[in-house]
Amino acid sequence: MRQFDVTGMSCAACSARVEKAVSAVEGVSECAVSLLTNSMSVEGTAADEAIIAAVTAAGYGAFLKGTEKVKNCALADTETPRLKKRLISSLFFLEILMYISMGHTMWGFPLPRFFENNPLAAGLAELLLTVAVMVINQRFFISGTKALFNRAPNMDTLVSLGASAAFIYSTVVLFSMTVSEDAQILLHGLYFESAAMILTLITVGKMLEARAKGKTTDALRGLMSLSPKTACVVRGGTEQEIPVEDVRTDDVFLVRPGENIPADGVVTDGVTAVDESALTGESIPVDKTVGDSVSAGTVNQTGFIRCRAVKVGEDTTLAQIIRMVSDAAATKAPIARTADKVAGVFVPTVMLIAMVTTAVWLLLGRDVGFAIGRGISVLVISCPCALGLATPVAVMVGSGVGAKHGILFKTAASLENTGRTEIVVLDKTGTVTTGTPTVADLISAENVTRSELLTAAASLEALSEHPLAKAVVRYARENSVVFEPVSDFRALPGNGVEGRAGEKTLLGGSMKFVFEKVKADKELKTKAEGLAESGKTPLIFCENEKILGIIAVADVIKSDCAEAVKELENMGIRVVMLTGDDPRTAQTIAREAGIGEVIAGVLPDGKEKVIRHLTRRGKTVMVGDGINDAPALTAADVGLAIGAGADIAVDAADVVLTNGGVRDVPAAIRLGRKTLKNIRENLFWAFFYNLIGIPIAAGVLSGAGITLSPMIGAAAMSLSSFCVVSNALRLNLADIYDAKRDRKITVKHREEKTMEKTIKIEGMMCPHCEARVRKTLEKIEGVEVIEVSHEKDIAVVRVRNVTDAALKEAVEAQDYTVLGIEDN
């Protein structure tokens, strides 16, 4: 995804115009324009020059994000000071204009004698003061006219047309005063003060909007301010203070108490406590010693440390978080599509309504001043900005609140989908459990010593990255085991590992996997099953197809897991634990965590299939942290990577939780729900305001004596966008960990027409045959395997839109005989 900064946009019609223009460029597959940050995200193969040219042709400007010309312009609030100057200047002239036009007439304020007896002079003074206000606010006219000529009218077009209509009509009346004997009466029919007031009030609204919009990026600016401007590095044996941008990988940097850490690195000397709350939301300082990692933007609190830089500049964790939050704001939520469609035709429709309104009142016999006043009111009360801002401001604030608590949404769609969650699937290892298991039991086979078993197991597992492997290796090192070199190492995802140590072929893995490969005596199997039933994970190790023994590894559930599961269920969410572990082990862990539904014994590719099945039943969130979770994270409606996790898991996820706490899962869903509610409120206000305001401005209630002057219409328009942005800012007050106000949604899961069938199979002789049949059936789309037993000669499956003939053909293709298929 490429990011561009866009200049010249003033309302939702502008962003819709830019989006349409860029989407038409050959090679662009997706384009999203954010009015809030004046940015654009583009996916596809189109050249940057072609994209920029399309934006320019549409009447706007575009630059590749990160160029010096527009660096940080999306976050710097340069608009508010500029609008404030315009407003002060406009108010100076407007006060004088209002005093002349209304003060004397309505309240009897004194005027110079030549004004009292010369209405033409008073009218001319009003014209000159109005011209001054129009010159000060010329941006409305320049932008509006340019947009009109580009056949893409925007909010500025409406404002400029309304002000121009009032000014031109008043100028015509002023000239007619020179030949009329009723000049004093005609003076009261001038609309100069309306033209000036429209421009000034819209400027007030724009300034309030800009100020409020600036607050929506407070969280992002706060993250950016965490990075220190300078760093103290050691080069050539001497300490040097250099700009943080000049820090390079492998530089040694020094951090004193109270200083911010300038880069991601590893502590090489010293002991300290580091405040990581800005990145993780965790308020308790984390102790750091030699070998521990530190992150840029965190604060060194107590000790002096020396570190080696590992990631610098745009590669640091802080920079990635900033980029993720910024990218989320530049994307669009699906809920915004309706508003986008309306915004694309909104301004032309309003212009047509204004013309029709004026014409109808003239045909009904009302005077020209009244008819034009109604048309102007329609133009200036209409607000496309509120439509355009309704979604992005809520997404920006919601993403910022999440970032402050270590919850990072990659896109607006992921934030919205998280709020619509109906099913949460939790991976066991590293999500439900701590992910740092320890060796609990070591049982050697007959004629095998504990030392031989541990040496072979640790030598083989030393090359694996799996948490269970690390537990075995850690235990071996604690017992001073001498490792043997292993070659031809191969990891078998979801099953185990294999390799060679000299002339010996080593194999290790899950009970199910190894017992399918190697014969084991009944006593050893019974012991392994007993360990599994007690909640431990038995790992079986073999040498030259001879079982050496069992090493049982136990993992404990995270301290907040049970509470998180309870919160999810109280929110009306179905919770499922998914794991490749043995069903007995999985059930024990699930009971401790309070999870009622468990799907165990699933391989990585099987996890993806389970997730696809669940997504057909409801909006599904998959929570995982490992390499083998990546396919499932991608298959889910929302993939949620928890903790530091594997890089591939983080890449595959839609939401990243920088902490390891499971309570961040309901917190993310809670934040998604609150953001969705806020977006709906904003959209309701934006649509309701226009649906009610435009007819009243057109004069449909004039029969009841209710009309809106152009000035009141301008005031209403100026406040509409401000109200939308202010409502979004309320999300900053949300406590996303407070479960007291959770609303239990009634989820109507999408039921599928499924049938459970029992297939009678002849020819299965062993567990290997069972695995072969299971794998064959799982490959069929719409089949969920419940049980395969060579002892019962059956396979029990749950099917959706799969014929008996297809099941029979698949099984018999593996050289087994299907004797019959019965519906259960």
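The values are calculated or read from the model by the stated rules, or taken from the named source; none is laboratory data. Just so we're clear, the structure is a prediction, and the values are computed from it rather than from any experiment. Please note: Cβ atoms are built from the backbone with ideal geometry, for glycine as well, and neighbour counts cover all protein chains shown. Just the protein is used for accessible areas: all its heavy atoms, side chains included, with ligands, DNA and RNA removed. Shrake-Rupley method; radii C 1.70, N 1.55, O 1.52, S 1.80 Å.
The figures follow:
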item: C-alpha long axis of helix 138-149 to longest principal axis of the chain, angle in °; result: 70 degrees
item: Cut-off under 5 Å, modelled amide H: who pairs with L492 long-range; result: V497, E498
item: Values of log10 I(q)/I(0), in the order q = 0.13, 0.16, 0.17 Å⁻¹, for segment 396-497 under a Debye, Cα-only, solvent-free model; result: -0.67, -0.80, -0.85
item: Ordering of 675-685, 805-815 by burial proxy (mean other Cβ atoms within 10 Å per residue, highest first); result: 675-685, 805-815
item: Student exercise, segment 427-472 dipole from Lys, Arg, Asp, Glu Cβ charges, in Debye to nearest 20; result: 120 debye
item: Residue-wise HN-Hα coupling along segment 702-715, computed from phi with Karplus coefficients 6.51, -1.76, 1.60 (Hz; x: Gly, Pro); result: 5, x, 8, x, 10, 9, 10, 6, x, 5, 5, x, 5, 4
item: Alpha-carbon centroid distance for the pair segment 453-511 / segment 547-626, whole angstrom; result: 26 Å
item: Full-extension gain in nm, T56 to A121, via 0.36 nm per residue minus C-alpha separation; result: 18.9 nm
item: Charge sum, other residues only, whose C-beta stays under 12 Å from M98's C-beta, Lys/Arg counted +1 and Asp/Glu -1; result: -3
item: Neighbourhood net charge (12 Å Cβ-Cβ; Lys/Arg +1, Asp/Glu -1) for V173; result: -3
item: Surface/4 of the Cα convex hull for segment 778-824, nm²; result: 3.3 nm²
item: Residue list for segment 286-325, given a label point 7 angstrom along the Cα-to-Cβ vector of T249 and an amide N cut-off under 15 Å; result: 308-317
item: Relative counts (whole %) of C-alpha pair distances in segment 426-547, using bins that are 10 Å wide; result: 13, 48, 34, 5, 0
item: Mean shadow area of segment 538-640 over all directions, Cα convex hull, nm²; result: 7.6 nm²
item: Structure-derived P(r) over Cα pairs in 20 Å bins from 0, in percent: which label, when the choices are (1) 13, 35, 29, 15, 6, 1, 0; (2) 15, 47, 34, 4, 0; (3) 14, 43, 36, 7, 0; result: (1)
item: Cut-off under 5 Å, modelled amide H: who pairs with I761 long-range; result: I794, A795, L819
item: Taking all pairs of distinct alpha-carbon atoms in segment 512-575, Kirkwood radius in angstrom; result: 14.2 Å
item: Point-charge dipole on Cβ atoms (K/R +1, D/E -1) for the chain, about Cα centre, debye to 20; result: 2340 debye
item: Nearest-10 value in Å² for the accessible area of F541, using the 1.4 Å probe; result: 0 Å²
item: Packing-based order for 426-438, 480-492, 258-270, 630-642, using average beta carbon neighbours within 10 Å, highest first; result: 630-642, 426-438, 258-270, 480-492
item: Whole-angstrom Cα spans of segment 363-423 along principal axes, big to small; result: 64, 25, 13
item: Set of segment 400-423 residues, backbone N closer than 13 Å to the point 7 Å along the Cα-Cβ line of R680; result: 419-421
item: Net charge, P710 excluded, C-beta distance under 12 Å - Lys, Arg +1, Asp, Glu -1; result: 0
item: Most to least packed among 21-29, 707-715, 379-387, 689-697 [average Cβ atoms within 10 Å]; result: 379-387, 707-715, 689-697, 21-29
item: Inter-label distance for D735 and R256, nm, one decimal - labels placed 7 Å from Cα along Cα-to-Cβ; result: 4.0 nm
item: HN-Hα J in Hz across segment 533-539 - Karplus 6.51, -1.76, 1.60, θ = phi - 60°, x for Gly and Pro; result: 5, 7, x, 9, 9, x, 10
item: Filter on K536/K566; K470/K558; K65/K311; K546/K607; K607/K808 - keep pairs with C-alpha separation over 28 Å; result: K546/K607
item: In order through segment 257-274: 3J(HN,Hα) via Karplus (6.51 cos²θ - 1.76 cosθ + 1.60), integer Hz, x for Gly, Pro; result: x, x, 8, 7, 7, x, 8, 6, x, 10, 6, 9, 7, x, 9, 7, 10, 10
item: Cut-off 20 Å, label 7 Å out along Cα→Cβ of S23, residues of segment 135-164 by amide N; result: 150-155
item: Rg and Dmax [Cα atoms of segment 650-703; Å; Rg one decimal, Dmax integer]; result: 20.5, 65
item: Helix axis angle, 317-330 relative to the chain longest principal axis, alpha carbon, degrees; result: 50 degrees
item: Distant-in-sequence amide H partners of G549 (H built 1.01 Å from N, under 5 Å); result: A445, F541
item: Furthest towards positive pole of dipole, A309, T526, V439, structure part the chain, Cβ charges; result: A309
item: Nearest-ten-degree value, helix 604-615 long axis tilted from longest Cα axis of the chain; result: 40 degrees
item: Equivalent ellipsoid dimensions for segment 656-810 as semi-axes, Å, which come from the Cα gyration tensor, largest first; result: 62, 23, 12
